[in-house]
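Remarks on the structure that follows.
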Amino acid sequence: MRLLTQEEIANIEVRAQSMQELRKENYFAIGGTLTAIMNLSPANGLILIGGNEDTGFEHIRLRHELYSGRTYWRNDDPDLVKLDYPSKFGPTSIPVFSYVELADALYKAEFYKASSNNEPDLFDVYDGMPEIISAENRRFKLVLYKGTKIIHTLYPTNAKYTVKKPSGFALHKGGVSVQYNTMTGLVTVTIPYFDHLKVKCYSAIHSYDHVSHKLHKKILIHRTGKADLIINYRAESFEGKLDDGGFVKMQFEAANLKDLETELVRIEADKENWINQP
């Protein structure tokens, strides 16, 4: 885990003193680096840094934004890797601005919680239900670097918007691709799935035939050093027209594909029967 060093903390605090214009409404700076100062909260001057996967803006965005595509894993048992389910901000969350608004509302003596701080030598913790609209009557936790106003992380403490996967599911959905054949009207959507080692295990392919208005589904089982296995499913009827690849891509990336992922759990459970097939 890469957190801020004491030298970096001191440097950020000094630079923040000369960047007070970032406390104005709708002002922010571009991040891009670990120690870049992106914003200062209007009321208390709390410092939002660019950060990385472990701290600051980038950590908060990747781990807790509702539409983040990042998958997280937990291996409490070294022999069993499971999906982790971070809490999520609501659909109206606006990265940067919502973060500093919530942080300001939490930065009060009444919310200071030494009892819920697992690393008191590194951080200060604030935990409570801010009385602002963007909090949606939910509890949030704000974690600052010890003795500073630098935001380490911020997140809701309940799972209101967290979408759980089917029991036994332990895969990461990769980037969705869409191909549109203007001659035939065939739209093909490919959804890859990877394991925790980033090995592609499956590809779900949905082909929408606008001539017959049939949806053809198949799943490719990718086997290391062997040919893919193909599972074809009965065609289904569909209505409407899929002609905007960009919109279709966004729909599939944001969709809850529970039925598909339940089927992948079933296929994975049958792995002993197909892994050694020729």
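The values are calculated or read from the model by the stated rules, or taken from the named source; none is laboratory data. Just so it is clear, the model here is predicted, and its values are computed rather than measured. Cβ coordinates were reconstructed from backbone atoms using ideal geometry, including for glycine residues, and neighbour counts include every protein chain displayed. Quick note on the areas: whole protein, heavy atoms, side chains included, nothing else; ligands and nucleic acids left out. Shrake-Rupley method; radii C 1.70, N 1.55, O 1.52, S 1.80 Å.
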Give me the percent of accessible area attributable to carbon and sulfur for the chain, probe 1.4 angstrom. 52 percent
Cα centroid separation - region 96-114 against region 2-32, whole Å: 17 Å
Sort region 149-278 into rounded, prolate or oblate with this rule: let a ≥ b ≥ c be the square roots of the eigenvalues of the Cα gyration tensor; rounded if a/c is under 1.5, and if a/c is not under 1.5, prolate when a/b is larger than b/c, oblate otherwise. oblate
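Counting only C-alpha contacts under 8 Å and six or more residues apart, can you give the relative contact order of region 200-278 as a whole percent? Display every interim value, and only then the final one.
Working: 75 pairs, mean separation 16.6, N = 79.
Computed over region 200-278, the figure is 21 percent.
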Sequence gap at least 6, Cα distance under 8 Å: using those rules, report the relative contact order of the chain to the nearest whole percent. 11 percent
Going highest first, how would you order 111-118, 191-198, 96-103, 38-45 by mean Cβ packing within 10 Å? 96-103, 38-45, 191-198, 111-118
Taking the Cα centre of region 100-220 as origin, work out the dipole magnitude from +1 charges on Lys and Arg Cβ and -1 charges on Asp and Glu Cβ, in debye rounded to 20. 640 debye
In terms of the charge dipole of region 35-191, which places +1 on Lys and Arg and -1 on Asp and Glu at the beta carbon, the residue among TYR155, THR92, ASN117 farthest towards the positive end is THR92
Placing unit charges on C-beta atoms (Lys and Arg positive, Asp and Glu negative, everything else neutral), compute the dipole magnitude of region 18-84 about its Cα centre in debye, rounded to 20. 280 debye
Cα-based shape type of region 107-181, given that a ≥ b ≥ c are square roots of the gyration tensor eigenvalues and the cut on a/c is 1.5: prolate
Protection-proxy order for peptides 123-129, 6-12, each taking the mean of Cβ atoms within 10 Å per residue, highest first: 123-129, 6-12
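Classify region 30-113 as rounded, prolate or oblate from the Cα gyration tensor: take a ≥ b ≥ c as the square roots of its eigenvalues, call it rounded if a/c is under 1.5, otherwise prolate when a/b beats b/c and oblate if not.
It is prolate, given that a/c is not under 1.5 and a/b is the larger ratio.
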Rounded FRET efficiency, nearest 0.05, which uses the C-beta distance separating ARG234 from MET183 and R0 of 35 Å: 0.85
For the chain, the longest principal axis of the Cα atoms and the Cα long axis of helix 97-106 enclose an angle in degrees, to the nearest 10, of 50 degrees
Neighbour net charge for TYR67 - beta-carbon separation under 11 angstrom, K R +1, D E -1: +1
Relative to the Cα centre, what is the charge dipole magnitude of the chain, using +1 at the beta carbon of each Lys and Arg, -1 at the beta carbon of each Asp and Glu, and rounding to the nearest 20 debye? 500 debye
From the protein chains alone at 1.4 Å, what is the descending order of accessible area for ASP121, ASP228, largest first? ASP121, ASP228
Among LEU83, TYR208, ALA254, the residue whose Cα sits farthest towards the positive end of the charge dipole of the chain, when +1 is placed on the Cβ of each Lys and Arg and -1 on the Cβ of each Asp and Glu, is TYR208
In whole angstrom, note down how far apart the Cα centers of region 211-259 and region 142-184 are. 22 Å
Candidate cut points under chymotrypsin sites (Phe, Trp or Tyr not before Pro) in region 199-247, DSSP loop plus at most 13 other Cβ atoms within 10 Å of their own Cβ, are TYR233
Normalised contact order of region 1-97, rounded percent, pairs of Cα under 8 Å and 6 or more residues apart: 19 percent
